[in-house]
1. Out of curiosity, is G103 part of a loop (DSSP other than H, G, I, E, B) and at pLDDT 95 or above?
2. Please work out if R19 is open to solvent by 70 Å² or more (accessible area, probe 1.4 Å), touching a residue at least 24 places away in the same chain (Cβ under 8 Å), within 10 Å of the chain's Cα centre (by Cα) and on the phi < 0 side of the Ramachandran plot.
3. Scan region 92-99 and tell me whether some residue there is open to solvent by 50 Å² or more (accessible area, probe 1.4 Å), touching a strand residue (DSSP E or B) at 6+ places or on another chain (Cβ under 9 Å) and among the hydroxyl-bearing types (S, T, Y).
4. Would you check if F67 is closer than 14 Å to A24 by Cβ, of a type in the set (A, V, I, L, M, F, W, C) and open to solvent by less than 50 Å² (accessible area, probe 1.4 Å)?
5. How many residues, within region 47-75, are more than 18 Å from F94 (Cβ to Cβ), in contact (Cβ under 8 Å) with a residue 24 or more places away in the chain and in contact with a Ser or Thr (Cβ under 6 Å, 6 or more places away or on another chain)?
6. Looking at F29, F58 in this structure, which one is more than 22 Å from Q110 (Cβ to Cβ) and crowded, with 19+ Cβ neighbours inside 10 Å?
7. Just checking, how many residues over region 32-44 are surrounded by 13 or more Cβ atoms within 10 Å (Cβ to Cβ) and either over 15 Å from S7 (Cα atoms) or not basic (K, R) (or both)?
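The values are calculated or read from the model by the stated rules, or taken from the named source; none is laboratory data. As the structure is a computational prediction, the values presented were derived from the model and not from experiment. Glycine also receives a Cβ, built like all others from the backbone with ideal geometry; neighbour counts cover every protein chain displayed. Calculation scope for accessible area: heavy atoms of the full protein, side chains included, ligands and nucleic acids excluded. Shrake-Rupley method; radii C 1.70, N 1.55, O 1.52, S 1.80 Å.
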Amino acid sequence: QVQLVESGGGLVQPGGSLRLSCAASGFTFSSRAMRWYRQTPGKERELVATISSTGSTFYADSVKDRFTISRDNTVNTVYLQMNSLKPEDTAVYFCYVNHLGNGYWGRGTQVTVSS
């Protein structure tokens, strides 16, 4: 079955960096677009970044020029490099894939940006 497992979250000071990873299994990773979302309490999940199967990327305006999404098809993993972090980036970050018409989520990883 499809599984997505996020890791790499934690506590970081404003201006710092983190790299999130999402290990995928149960589907042909190289053929699927992958997405990162984030959510804060009381708000809807927000699309952060997308990477297509061919490597094309899309970013939310709020993270453009600070975050970079990438993928390594040899290890079935998608990454989110987050630089110049701000307190408003604090959220639970989720990995997402649409496979055969069904959406799948990981359990998320907490990112807290605070001094």
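1. For G103, the condition - part of a loop (DSSP other than H, G, I, E, B) and at pLDDT 95 or above - is not met.
2. Numbers: open to solvent by 70 Å² or more (accessible area, probe 1.4 Å): yes; touching a residue at least 24 places away in the same chain (Cβ under 8 Å): yes; within 10 Å of the chain's Cα centre (by Cα): yes; on the phi < 0 side of the Ramachandran plot: yes.
So R19 fits the description; yes.
3. Pass one, region 92-99, residues open to solvent by 50 Å² or more (accessible area, probe 1.4 Å): 98.
Still in the list and also touching a strand residue (DSSP E or B) at 6+ places or on another chain (Cβ under 9 Å): 98.
Retained after the next criterion (residues that are among the hydroxyl-bearing types (S, T, Y)): none.
No, that holds for no residue.
4. Judged against the criteria, F67 is not a match.
5. Taking region 47-75 as the starting set, the residues that turn out to be more than 18 Å from F94 (Cβ to Cβ) are 52-56, 61, 64-66, 72-75.
Remaining after also requiring in contact (Cβ under 8 Å) with a residue 24 or more places away in the chain: 73, 75.
Add one more test, that the residue is in contact with a Ser or Thr (Cβ under 6 Å, 6 or more places away or on another chain), and what stays is 73.
Final tally of qualifying residues: 1.
6. The match here is F29.
7. Our first condition is that a residue be surrounded by 13 or more Cβ atoms within 10 Å (Cβ to Cβ); within region 32-44, this holds for 32-40.
From what's left, either over 15 Å from S7 (Cα atoms) or not basic (K, R) (or both): 32-34, 36-37, 39-40.
Matching residues across region 32-44 total 7.
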